[in-house]
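Written out below as structure tokens is the structure these notes cover.
The values are calculated or read from the model by the stated rules, or taken from the named source; none is laboratory data. Just so it is clear, the structure is predicted and the values come from calculations on it, not from any experiment. No Cβ is skipped: glycine too gets one built from the backbone with ideal geometry, and neighbour counts run over all protein chains shown. These area figures cover heavy atoms from the full protein model, side chains too; ligands, DNA and RNA do not enter into them. Shrake-Rupley method; radii C 1.70, N 1.55, O 1.52, S 1.80 Å.
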Amino acid sequence: MADTNGTHKKIADLEELVCIPDFEKAAEEILPRNTYVYYKSGADDENVLAANKTAYNRLFIKPRALRDVSIRLLNTRILNGPVSFPIGVSPTAMHKLAHPEGELAVAK
């Protein structure tokens, strides 16, 4: 992504991003300030954003040590259809602030 001087900022290697704060820090480093603040904020008084963070913090993933993880299968079924990688993107707008192809790039 080009900054205001026309130079390109390095996008983080996805292998290095492990948790939400990692992604937020990487986004803050490469996005223009106004774009980052827009994406990080929530609508109105940010009540739903706060509730989502509270709900997420209630989850606990118990790691299992000394397990064979050489073969991982991420596929599942959602709405009676096969899904190879269960990640969803909620409908949002203004993707072109971060990428020239906008919503099309997310769909790809």
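Quick notes on this one:
Table: residues versus (1) in contact with a Lys or Arg (Cβ under 6 Å, 6 or more places away or on another chain); (2) farther than 19 Å from Tyr36 by Cα; (3) without any contact (Cβ under 8 Å) to a residue 12 or more places away in the chain.
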| residue | (1), (2), (3) |
| --- | --- |
| Val48 | no, no, yes |
| Ala51 | no, yes, yes |
| Thr54 | no, yes, yes |
| Arg64 | no, yes, yes |
| Ile71 | no, yes, yes |
| Pro91 | no, no, yes |
| Ala98 | no, no, no |
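- Within the stretch 1-18, being open to solvent by less than 60 Å² (accessible area, probe 1.4 Å) and at pLDDT 85 or above holds for one residue alone: Leu17.
- Options Val37, Val48; residue that is within 26 Å of Lys96 (Cβ to Cβ) and open to solvent by 100 Å² or more (accessible area, probe 1.4 Å): Val48
- Boolean, Gly42 is under 21 Å from Gly102 (Cβ atoms), part of a loop (DSSP other than H, G, I, E, B), modelled with pLDDT under 85 and open to solvent by less than 100 Å² (accessible area, probe 1.4 Å): no
- The residue that is least open to solvent (accessible area, probe 1.4 Å), counting only those in the stretch 61-108 that are more than 29 Å from Ala27 (Cβ to Cβ) and among the charged types (D, E, K, R), is Asp68.
- Total residues in the stretch 56-73, condition assigned to a helix (DSSP H, G or I) and either under 13 Å from Ile20 (Cβ atoms) or in contact with a Cys (Cβ under 6 Å, 6 or more places away or on another chain) (or both): 2
- Flag if Val89 is in contact with a helix residue (DSSP H, G or I) (Cβ under 9 Å, 6 or more places away or on another chain), on the phi < 0 side of the Ramachandran plot and not hydroxyl-bearing (Ser, Thr, Tyr): yes
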